[in-house]
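Everything below concerns the one structure shown next.
FYI, it's all coordinate maths here, none of it is from the lab. As the structure is a prediction and not an experimental result, all values here were calculated from the model. Every residue, glycine as well, gets a Cβ built from its backbone with ideal geometry; the counts of neighbours run over all protein chains shown.
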């Protein structure tokens, strides 16, 4: 059902935690269906230099959060915002169709963190 890459990122997720002085924070999900993701980004010169996540959810949700942080780290804000749910699923070697919403949540959490960062930069 799950690829080896999904299993690896579930068993040993990368970039788990919180950035206390994050430049942007995004939270997505719904407690009624179980998956909640929070992403923190640290940005220097328009590049994501650090990224962490906290996810409450299924193995696929944890794996997609983990791989999304790896994919976004080192990218400019403009590059990172373009990451799609299909990019995330492909990087994990595919996801079962019923679990594709998890990859959507991971990219949504990243987008929300970037939106928060941009709002702070513009003074809103």
Margin query: Relative contact order of the chain, please, whole-number percent, based on alpha carbon pairs below 8 angstrom and at least 6 residues apart.
Written below: 32 percent
Next item on the list: Rank these for me by crowding, 66, 3, going from fewest to most other beta carbons within 10 Å.
Entry: 3, 66
Notebook entry, point to check: Based solely on its DSSP helices, what 222 nm [θ] is calculated for the chain when runs of n ≥ 4 H residues each add -39,500 (n - 2.57) and the sum is averaged over all residues, nearest 500 deg cm²/dmol?
Noted result: -13500 deg cm²/dmol
Margin query: Tell me the label only: which of (i) 135; (ii) 111; (iii) 92 is volume of the Cα convex hull per residue in Å³ as calculated from this structure?
Written below: (iii)
Next item on the list: Could you tell me the distance between the Cα centroids of the range 1-53 and the range 71-102, to the nearest Å?
Entry: 12 Å
Margin query: Just to confirm the number: angle between the C-alpha axis of helix 59-72 and the first principal axis of the chain, 0 to 90 degrees, nearest 10?
Written below: 40 degrees
Checklist line | Rounded to 10°, Cα long-axis angle of helix 100-121 versus longest principal axis of the chain | finding: 10 degrees
